[in-house]
Amino acid sequence: MDWGTLIISIVGLLLGGGIVGQLIMFFVKRSDEKKEKERDFYRVIYHKLCDYYSSLEEMRLNCYKEIHKHGTLTEKSHTKAEENLLRIDKLLKSIKSRERKCRRHGKPNSEICSKCNSDRQFVVDLYDESKALQQEAANNLDLIDNYWSNHYEQTYSILSSYANIENFIYARKGCDNKILACIRIIDQCTRSMCSNLSFKKSSDWDFEDALIKQTASISVALKYISERL
């Protein structure tokens, strides 16, 4: 219900078109316009914070997707490498068994020698493949550990686009103190994340933890702002 319109209507009915009635309606209307401007101001901040929240969530979900992909590839590489090592172990045991048979007979068997030589080459091939698989696994783990530094440009660009929201609030006086305090915390966290992303090693701080704390701070600010809309 638009209480301002209702009050104007009631005043109009009670006082008619007299000067006092017009004056009262003028002040009521001006108060309503002031409140609407205030709501418009808070709507702008609200939508900006919603966009920021969505951007951070998208960043986090993309990270999880990439980690899942590289984690799956790492597991596959390790599994295949372990299977190769088991096959190598069986092949070496088989070669040794045939070598013992040759020694017992006192002379090499051409068929056995051919089989042993083939198996020895297969052992070398399997070993080389295992080394390559282990390196692939190590590379995928490295991509997981250094995800945020590898996506520095994109991440920094998103964060910096939401820096200094407090400056926008200063363009209008009389912002609610609770909301202003929340915005200051959000801005401080944004600057800290940009700084750490630029100058700290990924192993020295937890970017994901900072990301989660930032979304929580934004949620608190959105709650307070929604109460003023």
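The values are calculated or read from the model by the stated rules, or taken from the named source; none is laboratory data. For clarity, every value in this text was computed on a predicted model and none was experimentally measured. Note that we place each Cβ from the backbone using ideal geometry, even for glycine, and neighbour counts take in every protein chain shown. Just so you know, the surface numbers come from the protein's heavy atoms only, side chains and all, with ligands and any DNA or RNA stripped out. Shrake-Rupley method; radii C 1.70, N 1.55, O 1.52, S 1.80 Å.
Structural remarks
- Test result for Asn140, part of a helix (DSSP H, G or I) and open to solvent by less than 80 Å² (accessible area, probe 1.4 Å): yes
- Exactly one residue among Lys76, Lys48, Lys93 is among the basic types (Lys, Arg), under 29 Å from Ser157 (Cβ atoms) and in a helix (DSSP H, G or I), and that residue is Lys48.
- All told, Tyr64 meets the bar of being without any contact (Cβ under 8 Å) to a residue 12 or more places away in the chain, within 19 Å of His151 (Cβ to Cβ) and of a type in the set (Ser, Thr, Tyr).
- Cross-chain or 6+ apart pairs with Cβ under 8 Å, the range 176-190 first and under 14 Å from Ser161 (Cα atoms), then assigned to a helix (DSSP H, G or I) and of a type in the set (A, V, I, L, M): Ile186/Leu49; Ile186/Ile165; Ile186/Ile218; Ile186/Ala221; Asp187/Ile165; Cys189/Ala210; Thr190/Leu159
- Looking at Ser130, Ser114, just one residue is exposed (fewer than 13 other Cβ atoms within 10 Å of the Cβ) and among the small types (Gly, Ala, Ser), and that residue is Ser114.
- Residues located in the range 195-229, provided they are of a type in the set (Asp, Glu), outside any loop (DSSP other than H, G, I, E, B) and either within 13 Å of the chain's Cα centre (by Cα) or within 14 Å of Leu56 (Cα to Cα) (or both): Glu208, Asp209
- Each residue in the range 178-190 was checked for being at pLDDT 95 or above and either under 17 Å from the mean Cα position of the chain (by Cα) or of a type in the set (Gly, Ala, Ser) (or both), and 3 of them qualify.
- Test for Glu166: is it of a type in the set (D, E, K, R), assigned to a helix (DSSP H, G or I) and open to solvent by 50 Å² or more (accessible area, probe 1.4 Å): no
- Residue count for the range 71-100, restricted to those that are touching a helix residue (DSSP H, G or I) at 6+ places or on another chain (Cβ under 8 Å) and hydroxyl-bearing (Ser, Thr, Tyr): 3
- Taking the criterion of being under 19 Å from Ile218 (Cβ atoms), open to solvent by 30 Å² or more (accessible area, probe 1.4 Å) and part of a loop (DSSP other than H, G, I, E, B), the only residue of the range 169-191 that qualifies is Asp176.
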